[in-house]
1. Among all residue pairs at least 6 apart or on different chains, which show Cβ distances below 6 Å where the first residue, located in the range 254-266, is closer than 17 Å to A190 by Cβ and assigned to a loop (DSSP other than H, G, I, E, B) and the second is at pLDDT below 95 and of a type outside the set (K, R)?
2. Within the range 328-347, which residues are of a type in the set (V, I, T) and either in contact with a Cys (Cβ under 6 Å, 6 or more places away or on another chain) or surrounded by fewer than 24 Cβ atoms within 10 Å (Cβ to Cβ) (or both)?
3. The conditions are (1) surrounded by fewer than 20 Cβ atoms within 10 Å (Cβ to Cβ); (2) under 23 Å from T311 (Cβ atoms); (3) in contact with a Ser or Thr (Cβ under 7 Å, 6 or more places away or on another chain), and Y41 fails exactly one of them. Which is it?
4. Looking at this structure, is V120 of a type in the set (A, V, I, L, M, F, W, C), outside any loop (DSSP other than H, G, I, E, B) and out of contact with any Leu (no Cβ under 8 Å at 6 or more places or on another chain)?
5. Does R26 qualify as being under 20 Å from V143 (Cα atoms), outside any strand (DSSP E or B), of a type in the set (K, R) and at pLDDT below 95?
6. Could you look through the range 231-253, keep only residues that are among the charged types (D, E, K, R) and part of a strand (DSSP E or B), and pick out the one that is farthest from E188 (Cα to Cα)?
Amino acid sequence: MTASASVNDVDLFVIGAGSGGVRAARIAAGHGAKVMIAEEYRIGGTCVIRGCIPKKLLVYASRFAHEFEDAAGFGWTVPPAAFDWPTLIANKDKEIARLETVYRSNLEKAGVEIVKSRAVIEDETTVRLLASGARVRCGHILVATGAAPFTGHPIPGFEHAISSNDAFHLPALPAAIVIQGGGYIAVEFACIFAGLGSRVKLVYRGENILRGFDDDVRCHVRTEMEMRGIEVIVGDLVTAIHERDARYTVTLTGGRTINADRVMFAVGRKPNIANLGIEQAGIRTAPFGGIAVDAYSRTSTPNIYAIGDVTNRINLTPVAIREGHAFADTVFGGRPTIVDHTNVPTAVFSDPEVGAVGLNETQARERLARVDVYRSTFRPLKATLSGRHSRMLVKLVVDAATDRVVGVHIVGEGAGEMIQLISIAVKMGATKADLDATIAVHPTAAEELVTMREPAVRYGNHAAG
């Protein structure tokens, strides 16, 4: 669209070119729709530009220090290693630029028109492009604007804190950093910085990190992080940040002070709904935040839909992609499709790594009459020669009434890869007997999934049925 255009009719206008929006646009175009997509920043969204992908690259970088240390136990003599932060960041930026080009190319090949502009909904059929002032008349509008870091409530010195977005562009690796938060992002960045050589203190207001995960997982990860030199401070909050000579003094609720080179707040993300025009379009928001949608991702305004983190359902990139695809198939492909949000696998790329799918032990006990829990903690084979004291955790949660495996939780090397595969079995309704009948691959850590025979604990009346 040229800046002089005033009206350009499209079948679908997508606001936001993140993973979900891009998938929806491509699939809709493949179904024959005329599609326009607007992005004010960079194509690829949070995951590609400042989330999953660059974070995983930093995770890989942070794990080499341990590999160098472990090598000695296997007979290798490794000279003292040196790490260069600017090199890592420069190489990361090159890869992200390459991926953005791929995303743009895929959109163009699909026939999607790309507009670099913020887009605002004026009414249920009109979108205005702020860069040019042009108005676009739309058959359907899809909001896919994702979420943005929530840095918490203002405190003295609030402006000195960085977000996860900023962490990807620091000019130097901080020698010491304080990170506030206890979720995915805070825990992952704590492990990244610690692995690269920073002194890390993680401050979290709750009783333990990774709220929502299985309690055994939370305790195991915290213990392992502390063994790696990360100080985990729970039941506390940062109340002030004071800057002096490019260093910072952090004050906690209890009065303790900590000196650091950087302070990072990673206390969650909030749906990107501000200044989108959703109010004038009559789009309702949900009580838990985000845009309210039905099972087909339709908002309260019939021809306007929303997918991904902006709906605050399950805020994971693959979920947004699936929702975008389902939307396009429903509206333009003649195949009404509902996304099943149960048994969605997830991973935390901490050190050690976490993989989880299904119910945790607490959830299972709340929902099921009888629950069997199988648990194994063990020293992985690699650690026997490396001398590292790290241990793995593998846990199965089983509905004792049906023998169905309703939850799998793994902590250790390769947990993310393992949970992707075992989640297929969970999704298909596999029973504990199915796992027992599967021959193990030996020697692997994953064989624990099919070799645990006796429950560690049983809940409910097992004399019944």
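The values are calculated or read from the model by the stated rules, or taken from the named source; none is laboratory data. Keep in mind that what you see is a predicted model, and the values were worked out from it rather than measured. In this analysis, Cβ positions are derived from the backbone assuming ideal geometry, glycine residues included, and neighbour counts consider all displayed protein chains.
1. A266/S164
2. Let us first name the residues in the range 328-347 that are of a type in the set (V, I, T), namely 330-331, 337-339, 342, 344, 346.
Matches in the range 328-347: T330, T337, I338, V339, T342, V344, T346.
3. Here Y41 meets the rest and fails (3).
4. For V120, the condition - of a type in the set (A, V, I, L, M, F, W, C), outside any loop (DSSP other than H, G, I, E, B) and out of contact with any Leu (no Cβ under 8 Å at 6 or more places or on another chain) - is not met.
5. no
6. R244
Okay, residues lined up against (1) charged (D, E, K, R); (2) buried (at least 16 other Cβ atoms within 10 Å of the Cβ):
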site: A186; (1), (2): no, yes
site: A190; (1), (2): no, yes
site: D214; (1), (2): yes, yes
site: M225; (1), (2): no, yes
site: G254; (1), (2): no, no
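Condition check ((1) among the aromatic types (F, W, Y); (2) assigned to a helix (DSSP H, G or I); (3) not assigned by TED's automatic domain parsing to the domain that holds I291) across all residues:
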position: P86; (1), (2), (3): no, yes, no
position: I89; (1), (2), (3): no, yes, no
position: D93; (1), (2), (3): no, yes, no
position: E100; (1), (2), (3): no, yes, no
position: Y103; (1), (2), (3): yes, yes, no
position: L107; (1), (2), (3): no, yes, no
position: G133; (1), (2), (3): no, no, no
position: V136; (1), (2), (3): no, no, no
position: L142; (1), (2), (3): no, no, no
